[in-house]
Each structure stands twice: as C-alpha cells, then as structure tokens.
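Before any comments, here is the structure.
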Amino acid sequence: MMASGPVSSSPAFNGPPIPRQDQGITAEEIALYDRQIRLWGVKAQEKIKNANILIISMNSLAAEIAKNLVLAGINSLTIIDHKDATAKDLGANFFLTRDDLGKNRAAAAADRIKKLNPRVTVVTDRANLSQTRTAPVVEQFDLVIATSQDTNTLTLINTATRATNKPFYAASVYGMYGYIFSDLIEHEFVVERERNKTTKLGAESRTRSIIEVTEKEDGKPIELVKKVEKYSTWFLASDAAKLPEEYTNSRRKLRKVTPILSCLRALWEFQVLNPLGPTSMNDLKVFAGLAHKHHKSLGLPEETLNAEVQGLFFQNIHSEITPVSAILGGQLAQDVINVLGGREQPIQNFVIFDGDSMEASVFALHPPGPLGNDLFPNTAEAVRRISQPQDQPVVSQHDPSQPGVSYLPDVIKFDKDY
C-alpha cells in the first residue's frame, strides 16, 4: 500500500497506519478553502483537515463521495476495493476510462482523485474486507464509508466500527433508487441559533437530547446549543426496526412512506442467502414475497406496494445511474463534513431515495430499547465474540429481548484473523 503519487495494490490490507497531522490551518489554506470556511468556520475546517477517511469500494457512488471529500480538504482518503474495472464501470464512474479496463478500480482512480486536491493523501488497497481482518483496518481511520456491499458484509464492518468506536456510513445505488445509512454511535454537535426563549436541557426526541447551552452576543442574542444523537447498528436498523410513532399513528403519513423501503428490506433479506441479489424470474417471486412481508411488518398500506413498483425496483437492482449517485453521494459527503466539523443536525439514520417521486426521505429506524453506547454495554465482550475462529459459530450470550443489552447476529461468522 502506498500513499499519494502512484499507488500500488496488495491482496490484503497490510499497509502502515495513515500518518496524522493534528495541525492547525495555515493562512494559505484559509485562502484556498475560503468559501467553505465562510459556511462552517475555521475550527470545523481544522477538524476536516485532520480527518482520515476510509471508503470501501470504488463505484459511481464512491466516486461522488470521494470527489466531495477530497475537495473539502480532508487529510487522507483510503479506498479499499478488490474488484477490477469492467465495461459496466465506465458508464457511471467518471474516474475510470477505457484504459483502466482490467485494472484494480481503486488504483486506477487514485491519480485522478489526487489531482482534485494535491494536499490530500490518497491511498488504495485491494483487500477484500469480507475475507480479511476488519477491526485493525477500520481503527486506523476517523470515519468509515461502505458502498454497494451486501448486508452480511455491512454487518461485519459495522460490528468492527462499533468495537473500535468509529462512525460508520453505508450506502448503495440501485438504478433510480438508493439509500444512505448512518451509525454515528453517539454524536455531539452544535447548532447556532438566535435566542428567543430559554432552551431547556433534556430529550428532544427518542434519539436526540440537548446537553449544553451557551450564550453569546453578536449584535443580537445568540445561543450555541450542544446536542447528542444516538444510533443503532445496521443489523438492527435494517431489519427489525419499526417506523417512528409519528408515522404509525397517522395513516396519512403511512401512505406517504415510499414502498422502496419495503423493497430495500426485501433485497437485504435476500442477500443473507445470496449476496449477489435476485437475478432470475424465480428470484423475482421470492423477492416479491419478501417485499410484501416487510411492507406488512412496517404497517404500510397494502395498495402502495403494487406489481409495477416491485418490477421497476427489480429491474434497477444491478445498475448504477450517475445522477442518482450524484444526489446520494453529495448528501452523504455533506453529512460527513458536518459530522467532522461537529456542526448541524446529522442524518438520523436512513435516507431512502425514490427516483420515481424524486424524493429523498429521512427515517429514524431503530428497534425498541437502548441506543448509542448503551447498545454495546460491554465492548470487550463484542471484541471477544467477533474474534472467535471462523469455524466456531457466534453464539449470543445475551437475550435480545432484554433491555440494556445488545447482541450480534447469530448467523454471521467472523474471520479468525479479525
């Protein structure tokens, strides 16, 4: 693994830790990033400058995310991808050309990404994180983004980010549809607003609480409100979580929930047995049954999930459309920038993009029980369990029905070299 300049790829992620700057911003950088500093301030830009980000897979969505993060001025971007470029990649990934066919996608894109901002270190590696050590990889970074991964791999990576206390994003594009998922564990951020009444400390919602309020004068009374958002894991949020009460208590709102959410959950369940997803007409029948099951489980009106919706989603599963990648990639990258800077409300915790309605809806999907750090009350136990050899099944020692504890999926087996 090599940093910046020409980049080589290795079969496993064995490179040295990414060097950390932890430096203040220079006058030259203030001039370079002037426009964005006007938006989020010098302190936030300093945090962005020192950030080391990992992106898993270099597809069209990852290309959009990488472009935005590199232009924002992060310290380093590492891209892990074990796949080689094919003709399919050329249609949506603007970092790849015909000359890159047959080459590793991450390595082929590295120099073009680097040219966007030579101040950013760009690193690539061809490790397959579903077959190699995961925690020693993710613990090197400040934030991890996994794109276009099957649900088992996302569970593996998210478990590693939880065990190492790293913020995690997952996202995929399926033609005209897609999603963003975030598990920031417990994320503190500050909102600056005009003070017109006394702000009380305490819970604002099930996931969000106000923990501190400070005041300042800037020609008019201003308050800085520090909040914390708490999250759940991919494994719990992607399958077992229900819609918030604001939806379940209103049939009008339930009718407005995109049926693409049910289709996505059907796809994720299908991927448990076949990571490649459905491809045949027989698969379509299985997929349709799963979609109806999840639609009913979410309490959504039966008539909003019709055969046309399912057919269109099925036809889009194995394609990437550049404008959709641009929309979701831009939204995800902006949220990462906000999270790094500790400013503004982050995504909580799903964005579902429906290309038919051209809407990107945000849903807070969480199972009953504790969230945030309380989801894993014993990190050492989590590490022990994911360190078991691959030929030993992972056995839950906690009852998932009991409050105050969390658990890992019994069906997932983790690599013995974790």
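The values are calculated or read from the model by the stated rules, or taken from the named source; none is laboratory data. Here the structure is a predicted model, which means the values were calculated and not measured. Ideal geometry is used to build each Cβ from the backbone, glycine not excepted, and the neighbour counts take in all protein chains shown. Just the protein is used for accessible areas: all its heavy atoms, side chains included, with ligands, DNA and RNA removed. Shrake-Rupley method; radii C 1.70, N 1.55, O 1.52, S 1.80 Å.
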Handout entry: Selection within the range 213-235 - of a type in the set (A, V, I, L, M, F, W, C), under 19 Å from Ile157 (Cα atoms) and open to solvent by less than 10 Å² (accessible area, probe 1.4 Å)
Key = Trp234
Fill in the blank from the handout: Of the residues in the range 164-204, those that are part of a loop (DSSP other than H, G, I, E, B) and either among the polar types (S, T, N, Q) or within 27 Å of the chain's Cα centre (by Cα) (or both) number 11
Completion exercise
Scanning the range 205-230 residue by residue, the ones that are at pLDDT below 95, in a loop (DSSP other than H, G, I, E, B) and either more than 24 Å from Thr258 (Cβ to Cβ) or touching a strand residue (DSSP E or B) at 6+ places or on another chain (Cβ under 6 Å) (or both) total 3
Handout entry: Within the range 74-153, helices (runs of 4 or more DSSP H) holding 1 or more residues that are of a type in the set (Val, Ile, Thr) and buried (at least 21 other Cβ atoms within 10 Å of the Cβ)
Key = 105-116, 135-138
Practice task
Confirm whether Glu64 is buried (at least 18 other Cβ atoms within 10 Å of the Cβ), farther than 23 Å from Ala109 by Cβ and modelled with pLDDT of 65 or more.
Solution key: no
Practice task
Identify, by number, the condition in (1) touching a His at 6+ places or on another chain (Cβ under 8 Å); (2) surrounded by 13 or more Cβ atoms within 10 Å (Cβ to Cβ) that Ile327 doesn't meet.
Solution key: (1)
Practice task
Would you be able to say whether some residue in the range 316-336 is assigned to a helix (DSSP H, G or I), in contact (Cβ under 8 Å) with a residue 60 or more places away in the chain and within 20 Å of Thr279 (Cβ to Cβ)?
Solution key: yes
Exercise for the section: Look at Thr151 and say whether it is under 15 Å from Ala62 (Cβ atoms) and hydroxyl-bearing (Ser, Thr, Tyr). Expected result: no
Handout entry: Residue within the range 248-268 that is open to solvent by 20 Å² or more (accessible area, probe 1.4 Å), within 17 Å of the chain's Cα centre (by Cα) and modelled with pLDDT of 95 or more present
Key = no
Exercise for the section: Within the range 7-23, identify whether any single residue is surrounded by fewer than 20 Cβ atoms within 10 Å (Cβ to Cβ), out of contact with any Ser or Thr (no Cβ under 9 Å at 6 or more places or on another chain), modelled with pLDDT of 65 or more and part of a helix (DSSP H, G or I), and answer yes or no. Expected result: no
Exercise for the section: Could you list all residues from the range 190-247 that are aliphatic (A, V, I, L, M) and either within 16 Å of Phe350 (Cα to Cα) or touching a residue at least 24 places away in the same chain (Cβ under 8 Å) (or both)? Expected result: Val190, Val191, Ile222, Leu224, Val225, Val228, Leu236, Ala237, Ala240, Ala241, Leu243
Exercise for the section: Confirm whether Val351 is within 22 Å of Asn59 (Cα to Cα), modelled with pLDDT of 95 or more and in contact with a strand residue (DSSP E or B) (Cβ under 8 Å, 6 or more places away or on another chain). Expected result: yes
